[in-house]
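Notes for the one structure printed next.
The values are calculated or read from the model by the stated rules, or taken from the named source; none is laboratory data. None of these values were measured; they are calculated from a predicted model. Glycine gets a Cβ as well: all are built from the backbone with ideal geometry, and neighbour counts include every protein chain shown.
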Amino acid sequence: MVWRGQNNVTKQRRISMTTRKELTEAVGARYRTSPRSERQKILDEFVALTGCHRKHAIRTLSREPAGALEVASRNSVYDEAVRQALVMLWEAGDRVCGKRLKALIPVLIGSCQTRWRWCAWWAPAGRRWCRC
């Protein structure tokens with residue numbers, strides 16, 4: 001709804017996003033199944049309620065509702081022992097970004113070898129550093 005406020009400035013009533021989505025779903029279903037003569041009336045009501053442009057309302061109401069987005073699961077690249085070793089190196093490197101961590105890993109492993117000993121008995125394939 002548009003009205004004139006102080007200083008003759010037009011104001012528009014705001015509708016929350018959840019209300020707008022619900023309204024679009026309900027009115028859109030009715031809009032898509034109705035004949036052309038009723039579509040014009042539905043469109044007029046929708047434009048009056050939301051305050052959007054008529055062409056935008058036509059595109060929004062004509063569009064089929066989108067389904068829920070599926071999040072693709074990714075296979076893990078590293079096993080748990082390698083992940084823990086990477087986390088330890090990342091924290092030893094003061095949590096730098098991955099690009100810098102890649103260059104820093106040889107330096108960190110070199111310093112770990114001098115201070116710590118390799119724990120082949122703890123992790124499979126001897127992939128764990130620790131202070132034993």
Considering residues that are loosely packed, with under 11 Cβ neighbours inside 10 Å and closer than 17 Å to Thr19 by Cβ, the number found within segment 49-74 is 1
Reported set for segment 45-59 where residues are in contact with a helix residue (DSSP H, G or I) (Cβ under 6 Å, 6 or more places away or on another chain) and of a type outside the set (Lys, Arg) is Phe46, Val47, Ala57
Requiring at least 3 residues that are at pLDDT 90 or above and either over 34 Å from the mean Cα position of the chain (by Cα) or among the aromatic types (Phe, Trp, Tyr) (or both), the helices (runs of 4 or more DSSP H) wholly within segment 22-127 are 36-50
